[in-house]
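Notes follow once the structure below has been shown.
The values are calculated or read from the model by the stated rules, or taken from the named source; none is laboratory data. All of these numbers come straight from a predicted model, not from anything done at the bench. In this analysis, Cβ positions are derived from the backbone assuming ideal geometry, glycine residues included, and neighbour counts consider all displayed protein chains.
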Amino acid sequence: MDYYVFWQLLLGEISAAPKNGERRIVTFKDARQYAGALSQWKQLKKKRPALRKVQASPLIRAFFVPAAGAANLLNRFADVLSVEEDPRIQLHAVPEEKKGTVVMPWGVKAIHAPQAWSRSTGVHVKIGVIDTGADYRHPDLRHSLASGINLLYRGMLPLDDNGHGTHIAGTLAAAGGTHGMMGVAPRALLYPVKAFDHNGSAYVSDIVLGIDWCVQNRIDIINMSFGMKTRSKALHNVVMKAYRAGIAIVASSGNDGKRGGDYPARYPETIAVGAIDKRRRVAAFSNRGPYIDVYGPGESVPSCWLREGYKEMSGTSMATSHVTGAAALLLALRPELTPRELKLLLRRTAAPVRLRKGQRRASLGGGAADALRLLRAGARARRSRERESVAQG
């Protein structure tokens with residue numbers, strides 16, 4: 001493969017790219033050829049400033065390029081690479097009214113997290129939160145946030161300019177004690193990965209780079225409270241890479257109130273989450289179906305907000321952060337669990353949801369997350385495994 005010709009063709013695509021922000025994902029089929037193209041790119045971008053707009057994901061052998069099309073590229077190198085669109089992806093939440101101080105949100109109590117804290121508070125578990133960033137000044141998050149990464153403005157702290165990421169962070173691991181809010185896993189460590197802008201919008205390529213960063217930094221579990229209607233080969237590829245690396249991904253199903261749901265929750269390697277309301281019914285806005293692994297509290301959920309405040313939000317985004325927090329409580333006790341084992345335990349320990357008129361339980365998928373039942377089942381499974389090990393050896 002002539003790497004110089006490859007990059008010359010890509011330079012042409014970049015120079016012709018429209019100003020509306022269209023991008024393409026260029027993925028190599030062969031690892032050696034990708035390594036050669038990557039090496040050439042590192043050399044050329046010193047002399048060609050336009051190539052600095054390109055981003056790379058070695059994990060899935062891909063480059064992310066500002067371009068509207070890539071016909072010339074495909075005509076020349078169709079046998080060694082593939083090209084797909086880099087679509088936008090959206091958050092799964094709707095903001096409601098502002099609130100004053102929040103101590104113990106109803107969702108944290110609904111999944112029995114406080115009763116589980118005598119067994120686990122999520123200590124040492126590293127949670128990647130791919131979202132809009134986080135408010136590092138919020139007093140309830142001060143001890144919960146690690147540095148993370150800002151994919152939109154490299155080198156800067158992943159500060160939240162939207163609010164959604166801070167809300168998710170609060171439900172996951174707020175540790176305000178008696179004077180502030182408590183999250184599901186208050187001693188877990190959050191790594192904000194800012195992939196979404198102030199409007200709550202991101203490119204798929206930014207999500208890929210975020211997951212790539214989480215794999216490289218040995219994150220234990222990733223919270224992804226967003227989705228889109230269409231499949232993405234690149235996104236599925238990086239999700240599978242994280243899965244094989246032992247990282248569980250918890251993803252929201254979407255807020256269309258329909259049977260079915262969004263990607264990446266629909267990928268089999270993720271833990272798909274729907275939302276329940278305060279009456280323990282599947283929320284009217286929540287997507288549902290047999291692919292849903294578990295439901296979490298998602299209606300009028302209070303949590304942390306920007307400028308040291310609090311706000312209620314509804315959505316499968318909120319439900320996902322409850323489930324990720326419960327999973328973190330278990331991983332603190334059972335760090336050896338694989339993503340598949342974690343998903344099975346979440347499904348097995350979920351409590352039945354209440355049915356709306358005309359609903360059938362089988363059509364909804366999983367039940368409601370229960371942190372206490374999850375930890376008890378995890379402890380039983382460990383004791384059983386230890387007994388088997390003693391008997392065999």
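Here are some notes:
- Of the residues screened, Ser205 is not one that is crowded, with 24+ Cβ neighbours inside 10 Å, under 12 Å from the mean Cα position of the chain (by Cα) and in the same structural domain as Ala371 (by TED's automatic domain parsing).
- Residues that are closer than 20 Å to His322 by Cβ, in contact with a Cys (Cβ under 6 Å, 6 or more places away or on another chain) and surrounded by 24 or more Cβ atoms within 10 Å (Cβ to Cβ) are absent from the stretch 182-194.
- Close pairs (6 angstrom Cβ cut-off, 6 or more residues apart or separate chains): under 27 Å from Pro335 (Cβ atoms) in the stretch 125-146, part of a loop (DSSP other than H, G, I, E, B) and among the β-branched types (Val, Ile, Thr) anywhere: Lys126/Ile219; Gly128/Ile219
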